[in-house]
Amino acid sequence: MSRSPSSASGPLSGRRVLLVVGGGIAAYKALDLIRRLRDRGAAVRPLLTESAQEFITPLAAAALAGERTHTDLFDRESEAEIGHIRLARDADAIVVAPATANMMARMATGHAPDLAATVLLATTLPILIAPAMNVRMWLHPATQRNLATLKADGVTVVGPNEGAMAEAEFGPGRLAEPHEIADALEAMLAQRAQAGGFGFLAGRETPKRLAGRHVLVTSGPTHEAIDPVRYLANRSSGRQGHAVAAAAAEAGARVTLVSGPVALPDPAGVTVVRVESAREMLAAVEAALPADLAIFAAAVGDWRPAETRGAKIKKDGHTPAPLTLVENPDILATISARTEGRPPLVVGFAAETDQVLDNARKKIARKGCDLIVANDVSAEGGVMGGLDNTVHLVARDGGVETWPKLGKEEVGRRLVARFSEWLAARPG
Ligand code: CTP
């Protein structure tokens, strides 16, 4: 699911929502809902039932969402491209709006004759439904029984509202307003996050996008010793690399973080290997392989003194001999070039002070990695050592995604979400 272009930074920012649209006259409001969710920073993937298509077109939904619309017909033809299991997993939440009486009955009984019902049966994501139907259908004991079952299953419900309805009737049955649905989604996600999980059924594990994967991350600067008290270093704080490692652990991965000297606490649930120099970092990275995903966020020193003195260099009243430097091994390039045991997805970072994208493209080619996270580290940006980051994701085919300025934690979370999508899309 591609990112929303919005730069909103509320609770839905960066969230991915699968919007299942049921049939009924209220389906037209789903278009407004797409717009509102995107305004709040969410990425929306629409899925239209056959009866929804009597009221709105897949094209209209796709145009507003900026995503392909899934429908039964299309997905039967292209099941190989994105299966219903992927649809059921590849989001942070599912919103069903409008949820018809028929759809509620299917959900409550586990009957899955179409794509929407199959996805809803196959998912462990949190689900929000916004029912909309004729007032008599809503008040019918069968619907009320289904409603109680769905609530007991952990489904969140918003609406229906009371008011004048299509068939000149009055009562509960109107679809909640799009802003109310968006508010309810925010509240549901906030509540789940507080409870420590996103499970749909009580007691089920949080769906972890990187469960079973080993993620290797390098972070921080390196220190290249001149003598026992002096070294060459750089301004990297390690914040971005540590944030990526923390986010990967939250996503269920086993994470090895190879870190240069930093003043940061170890991220929770991460195995941290501390190193000083570039050569130590390379050795620790090689020892940690194999990995499914390797992210090289460290600001590795390009050079080291040709010799490290065993004793402190004294002034002794004369000018010291000039420092001779030799090049350090390039860890990213070394791992990218491995024929055996190369991680399926190798991501580099590019710290640039000018021509950020051009240099990032050249760096991908030179280093042989799959993706580069490029950022502008010129002094004005305050990225080196700072709390925020503006990144550009540059792919090997030259494609670029530019994200708004975000906190490094948020960048870490979004990067992990994008890397999981790439990993899931790669064959094997
Ligand atoms: N990198 C590495 N080993 C090195 C140097 C860099 O693994 N010896 C990795 C960094 O972790 C980062 C990427 O290579 O993922 C690019 O780092 P950067 O400092 O931007 O690039 P350099 O190779 O140093 O290129 P230049 O200084 O010419 O911009």
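Things worth noting here:
- Evaluated against (1) within 16 Å of the ligand (Cβ to nearest atom); (2) under 20 Å from E286 (Cα atoms); (3) buried (at least 24 other Cβ atoms within 10 Å of the Cβ), H223 falls short on exactly one condition, (3).
- Test: residue in segment 286-308 that is charged (D, E, K, R) and away from the ligand (no atom under 16 Å from the Cβ): yes
- Any helices (runs of 4 or more DSSP H) falling wholly within segment 322-428 and containing at least 1 residues that are open to solvent by less than 50 Å² (accessible area, probe 1.4 Å) and modelled with pLDDT under 90: 356-367, 408-425
- Pairs are defined by a Cβ separation below 6 Å, a sequence spacing of at least 6 or placement on different chains, a first member in segment 329-353 that is closer than 23 Å to W303 by Cβ and within 9 Å of the ligand (Cβ to nearest atom), and a second member that is modelled with pLDDT under 95 and open to solvent by less than 10 Å² (accessible area, probe 1.4 Å); the pairs so defined are A350/A360; A350/A374.
- Here is the figure for segment 293-321: residues that are outside any loop (DSSP other than H, G, I, E, B) and either at pLDDT below 95 or loosely packed, with under 14 Cβ neighbours inside 10 Å (or both) total 0.
- The residues of segment 16-30 that are surrounded by fewer than 20 Cβ atoms within 10 Å (Cβ to Cβ) and at pLDDT 95 or above amount to a single one, Y28.
The values are calculated or read from the model by the stated rules, or taken from the named source; none is laboratory data. The structure presented is a predicted model; accordingly, all values stated were derived computationally and were not measured. No Cβ is skipped: glycine too gets one built from the backbone with ideal geometry, and neighbour counts run over all protein chains shown. All accessible areas refer to the heavy atoms of the entire protein, side chains included, with ligands and DNA or RNA removed. Shrake-Rupley method; radii C 1.70, N 1.55, O 1.52, S 1.80 Å.
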